[in-house]
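Comments concern the structure below.
The values are calculated or read from the model by the stated rules, or taken from the named source; none is laboratory data. Since we're looking at a predicted model, the values are computed, not measured. As a convention, Cβ positions derive from the backbone with ideal geometry for all residues, glycine included, and neighbour counts pool all protein chains shown.
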Amino acid sequence: MAGIAESFLRFYQLEVVANAARFLTGIVEAILIVAVVMFIGRRMQAAWRSGRLARTTSVNLGILIGRLSYLTALALGLIWVAYIFGVQISGLLTFLGALSLAITFALQDVLKNLVAGLYLLWERPFIIGDSIQVKDVTGKVEDVQVRTTLLRSDTGQLIVVPNAVLFTEIVTNRRLEMPEPETPGQTA
């Protein structure tokens, strides 16, 4: 963190005072980069939500990938702007690495549900409308989200099941049940 502070201090003491025209050029470049990156990020997000890519993927997966592509474009744009202003990228990347490790430990359960949700959206072991049973809960699948799955019980209750439970527990899909074989000589 000290490397970033020293970079900013050196930049403002030497570069800005000595060369205001270069600083203004850097500001204009930064504004253009942010505008272009935001435009590209929004176009990528729109492509995943409603473009050709949306026709080949699940709606929920398209929204997730669209958001991630937009945030990735913004992050790369901000790193580019920092580079223009002389900020040392290595110190920034070290700080971001340590921060992401701390966030990962703090959000471990949420990330477990997220990964399980991505798996469920990708593999589709059940679809909306299927009647499933997991642990002691039975209901029809109303929605499969990134973190949770919504079930509607026979009594009308809305049940929110974390995707990690669906990923690790035995799930019975009633749609895929085989009919009982008829024995010869039975009359209905």
Tell me yes or no: at least one residue of segment 102-117 is among the hydroxyl-bearing types (Ser, Thr, Tyr) and surrounded by 12 or more Cβ atoms within 10 Å (Cβ to Cβ).
no
Does segment 79-88 hold any residues that are surrounded by fewer than 16 Cβ atoms within 10 Å (Cβ to Cβ), hydrophobic (A, V, I, L, M, F, W, C) and without any contact (Cβ under 8 Å) to a residue 24 or more places away in the chain, and which are they?
ILE79
Residue check for THR187: modelled with pLDDT under 85, outside the structural domain of LEU61 (by TED's automatic domain parsing), exposed (fewer than 12 other Cβ atoms within 10 Å of the Cβ) and not in a helix (DSSP H, G or I):
yes
